[in-house]
Structures are given as C-alpha cells and as structure tokens.
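Enquirer: Can you keep this structure in mind? I'll have questions shortly.
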Amino acid sequence: MDIEKRTERIKARFKDVFSVDGEDITFVRAPGRVNLIGEHTDYNDGFVLPMTIDREIITAFQARSDGLISLHSYNFSLSCQFSLNKIEPERNASWANYVKGVIYLFREQGIKLSGMNMILEGNISMGSGLSSSAAMEVATALSLQLLNGFEWEPIEVVKLCQRAENEFVGVNCGIMDQFVSLIGESNKALFLDCRTLNYQLIPFLNEDLRVVICNTKVKRGLAGSEYNKRRKECEEGVSYLKKYLPDIKALRDVTEDSFEKYKCFLPGMIKKRCQHVIKENQRVLQSVAALRAGDLNKFGKLMNESHESLRDKYEVSCPELDLMVEIAWETEGVLGARMTGGGFGGCTVNLVKENKVAEFEREIFKRYREKTGISPEIYVCQAGKKAGKIEIVPVKIEEGR
C-alpha cells in the first residue's frame with residue numbers, strides 16, 4: 001500500500017478514535033533500518049554500516065489544549081492516555097514507552113510541550129531486528145518539534161532518542177538505529193563511527209544486485225534479555241584488558257595484534273565476546289573499502305564471516321537464523337548472507353544478484369517452511385528516504401467507486 005493510501009486510512013481512524021474532523025492532522029514518517037555489517041559493535045564505540053529501508057513508522061498528530069497526551073496504535077488497536085505532568089512507563093502497552101521516553105526527555109530539557117492526539121502506524125515487523133523502536137522514537141521527536149515549533153540539531157535529536165531507549169525503556173542499545181533513521185539517505189549505506197559520530201554516506205548497490213531481508217518470524221525481546229548481558233560481558237572484557245592496555249576506553253581501542261597478545265588473560269566466554277567485537281570492527285572497515293572499490297564479492301564474504309562470528313563467538317544467533325543463512329549460502333546468486341539486528345530471532349540480510357532474486361525467494365520460503373513449519377516473510381529492499389514530514393497529496397477517487 002502506497003503512503004498516500006496509508007495516510008488516508010490513518011486519517012479515517014484518527015476521526016474515529018479522537019472524535020475530531022481530522023483536517024489539521026500532520027504526518028511524519030521515520031524508516032527502519034537493516035544493518036549490513038557491524039553487529040554489536042555500536043555500544044562498544046565501534047563501526048557500523050547500516051542502511052535505511054523502505055518500511056517505516058508513520059505518526060499522525062494534532063495539538064490538544066488540556067495537557068494530555070492521547071496515543072493510539074493503529075497496528076495493535078490499543079490506546080493509552082497520560083498527563084504531561086506524570087509520565088511513567090506503561091506496563092500493558094510497551095509500544096507506548098518509546099513515545100513516552102522521548103516526551104519525558106524533551107520535558108526534562110526544559111522544552112514546553114503541548115498536549116496532543118497521536119496515532120502510530122507502521123509496516124516494520126516488531127521484534128524483527130529492523131528497528132521499529134528507533135523509528136518510533138525518531139518519528140515522535142520530529143512530531144514534537146513540528147507540533148511545538150522548536151528545532152534541534154539532528155545529532156542532538158539522535159542522542160535524545162537513544163537516551164529514551166536506554167533510560168526510559170531500559171534497553172542499552174547503541175546509537176546506530178536512531179542515527180541512520182534520521183540521517184541516512186536513499187541508495188546509500190551509512191558508515192558510522194559510533195564514538196565520534198562522524199559518518200560517511202557510501203554509494204551502495206547497482207542495477208544487478210538487491211538487498212533481500214528474510215524474517216524468520218521468531219520474535220525477540222531485548223529489554224532485560226541477553227542483549228544487556230552481552231553488553232556487560234564486553235565491559236568486563238575492557239576491565240580485564242585495561243590491566244595490560246591502560247589507555248583503552250572500549251573494545252574499539254583494542255587492535256587485533258594486542259588482543260592476540262593478551263587474550264590468554266581473559267576468561268573463556270569473555271574472550272569469545274571480545275574476539276567477535278574486535279574482528280567485526282575490522283570487517284566493517286574492510287567492507288567500506290570493498291564497496292568503494294566496487295568489490296561486492298569481497299563484501300559478501302565479509303558478511304558470511306560476520307554471521308559465523310555472531311553464531312560461534314557472540315552466540316546471539318538461533319537455529320532458525322542459522323538455517324535461513326545456510327539456505328542462502330547454498331542458493332545460486334547469493335553473494336553474502338548473515339543475521340542482522342540484536343539476534344535470537346528476527347531477520348537475515350542477503351546480497352543477491354537481481355536475476356536470481358525470484359529463485360532465492362522460492363528457495364528460502366520452501367526450504368525454511370519445510371524445516372520449521374513457519375512461513376517466512378521476505379522483503380526485497382532499497383535504501384529508503386530519511387525521516388521527515390510527509391507532504392500529503394490528496395488521493396483522487398474515481399467516480400463510481
């Protein structure tokens with residue numbers, strides 16, 4: 001469904017939910033993302049290479065004068081309402097916490113906010129590893145700026161959205177997801193240094209290749225899960241290595257040579273976690289060089305190595321992800337395949353020759369369903385537009401319809 005029809009559908013729901021005429025509604029969109037390579041490096045001050053996708057969260061909103069925020073999820077058909085003077089985490093509507101966290105932090109910064117009615121609608125599968133949560137945060141932040149007439153620098157908005165997820169939702173995510181949703185560009189990958197926040201937009205793909213995302217349909221929850229545990233294990237690794245490398249601040253600062261020299265002093269599990277992160281950072285740098293050189297075969301091989309490391313060293317894969325990647329590796333026309341996102345379910349990302357995409361989709365669907373009984377979702381993607389206001393073009397309805 002195109003975005004004009006989606007906004008018309010949301011406008012109709014807006015009228016039903018809030019009992020208003022809906023003529024002064026504003027719409028904002030924020031895309032999800034797929035991380036091409038550089039997994040679990042972001043919160044280690046490392047390097048990542050994501051791209052936006054042409055799937056997004058849409059917000060529709062209008063002001064209200066009573067100091068209340070009234071939210072409605074189109075996808076869940078659920079609502080919640082709260083006062084700007086009392087913003088607390090929701091227990092029974094966890095989707096609302098991503099919105100609440102952003103509102104809470106803007107208020108904490110002294111920004112005066114109006115009450116509002118807001119509907120959120122999205123076509124990013126939640127729990128799939130495509131960052132629906134970051135898209136909600138970014139869409140909320142832009143909506144609040146438009147509604148209340150203030151403007152922040154994009155990098156500052158990104159930081160606030162990350163804080164909302166860290167401090168209000170309770171997920172210790174890095175900054176990559178919010179960053180690419182707000183700053184990424186069509187047809188380009190975003191090479192980001194998660195420490196300095198320096199970034200470069202790297203031309204990506206050509207008419208002969210496609211990025212195909214395959215959803216295992218295995219849901220994953222990050223808050224209070226293995227994700228936070230992995231982050232803690234990396235911090236422990238830094239503490240051990242500081243005894244021998246006192247100047248390091250994060251695993252990003254540890255070279256492969258230094259790690260080889262001192263890894264014998266690390267506990268077995270911590271050693272594996274550190275090895276993944278240190279080598280994954282190098283794989284990102286090698287991937288950027290390969291893309292600049294037009295060597296997509298090299299890039300594909302680095303994707304494969306990344307998955308093996310995530311499976312064996314970082315241990316954040318699962319049988320369904322491994323199966324889907326193995327099917328891809330065995331299918332003609334696939335240059336590279338790996339799990340993407342936090343892990344324990346969600347999606348794989350695959351670099352596929354354009355003339356083999358249909359065959360790839362058939363193989364993945366057939367063989368994955370035969371082995372698991374689950375029908376996967378498959379999305380052929382392109383790098384979508386960055387977050388922003390939707391300029392509405394009225395839908396023309398033909399007479400007699």
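Laboratory data are not the source of any read-out in this text; all were calculated from the coordinates shown. The structure presented is a predicted model; accordingly, all values stated were derived computationally and were not measured. Cβ atoms come from the backbone with ideal geometry, glycine included; neighbour counts cover every protein chain shown.
Enquirer: Give the peptides 109-115, 188-194, 36-42, 142-148 in descending order of average Cβ contacts within 10 Å, highest first. Walk me through the numbers on the way to the answer.
Expert: Working: 109-115: 12.9, 188-194: 22.3, 36-42: 26.6, 142-148: 20.4.
Per-residue Cβ counts within 10 Å, averaged per peptide and sorted highest first, yield 36-42, 188-194, 142-148, 109-115.
Enquirer: Moving on to the next point. Size of the chain along its principal axes in angstrom, Cα-based, largest extent first?
Expert: Largest first, the chain extends 66, 52, 39 Å along its Cα principal axes.
Enquirer: Pop out the ³J(HN,Hα) list for the range 137-143 in order, Karplus 6.51 cos²θ - 1.76 cosθ + 1.60 with θ = phi - 60°, rounded to Hz; leave Gly and Pro as x.
Expert: Whole-Hz 3J(HN,Hα) from phi for the range 137-143: 5, 5, 4, 5, 4, 5, 4.
Enquirer: If you average the sequence gap of Cα pairs under 8 Å that are 6 or more apart and divide by the length of the chain, what percent do you get for the contact order?
Expert: Values: 805 pairs, mean separation 94.1, N = 401.
The value is 23 percent.
Enquirer: Would you kindly state how much longer the chain becomes between residue 5 and residue 225 on full extension, computed as 0.36 nm times their sequence separation minus their alpha carbon distance, in nm to one decimal? Intermediate values should be presented prior to the final figure.
Expert: Details: separation 220, 0.36 × 220 = 79.20 nm, distance 3.75 nm.
Between residue 5 and residue 225, full extension yields an extra 75.4 nm.
Enquirer: Please work out the Kirkwood hydrodynamic radius for the range 1-121, using every pair of different C-alpha atoms, and report it in angstroms with one decimal place. The partial results should precede the final answer.
Expert: Details: mean 1/r = 0.0619 Å⁻¹.
By the Kirkwood definition, the hydrodynamic radius is 16.1 Å.
Enquirer: Only bridges whose two residues both fall in the chain count here: according to DSSP, what percent of them are antiparallel, nearest 5? Each step should come with its number before you reach the end.
Expert: Working: 51 of 56 bridges.
Percent antiparallel among DSSP bridges in the chain is about 90.
Enquirer: Same structure again: Could you tell me, in Å, what Rg and Dmax come out for the Cα atoms of the range 209-381?
Expert: Gyration radius and largest Cα-Cα distance of the range 209-381: 17.6, 53 Å.
Enquirer: I've got another one for you. If I take R0 = 22 Å and measure r between the Cβ atoms of residue 148 and residue 81 in this structure, what FRET efficiency does the formula 1/(1 + (r/R0)^6) give, to the nearest 0.05? Before the final figure, lay out each step's value.
Expert: Numbers: r = 19 Å, r/R0 = 0.85.
After rounding, the FRET efficiency stands at 0.75.
Enquirer: Something else: So between residue 185 and residue 19, what do we pick up on full extension, going 0.36 nm a residue minus the alpha carbon distance? Could you put the intermediate results ahead of the total?
Expert: Working: separation 166, 0.36 × 166 = 59.76 nm, distance 3.71 nm.
Result: 56.1 nm gained on full extension.
Enquirer: Using R₀ = 45 Å, calculate the FRET efficiency as 1/(1 + (r/R₀)^6) where r is the Cβ-Cβ separation of residue 92 and residue 389; round to 0.05. Provide the component values of the computation, followed by the final result.
Expert: Values: r = 31 Å, r/R0 = 0.69.
Once rounded, the FRET efficiency stands at 0.90.
Enquirer: When the chain is fully extended, how far beyond the present Cα-Cα distance does residue 245 get from residue 359, taking 0.36 nm per residue of separation? Don't jump to the answer; show the numbers that get you there.
Expert: Numbers: separation 114, 0.36 × 114 = 41.04 nm, distance 5.00 nm.
Here the answer is 36.0 nm.
Enquirer: Now for a different question. What do the square roots of 5 times the Cα gyration tensor eigenvalues come to for the range 141-229, in whole Å, largest first, as semi-axes of the equivalent ellipsoid?
Expert: Numbers: eigenvalues 119, 97, 38 Å².
Working from the Cα gyration tensor, I get semi-axes of 24, 22, 14 Å.
Enquirer: What FRET efficiency comes out for the pair residue 295/residue 166, r = Cβ-Cβ distance, R0 = 51 Å, nearest 0.05?
Expert: Working: r = 37 Å, r/R0 = 0.72.
The pair residue 295/residue 166 has a calculated efficiency of 0.90.
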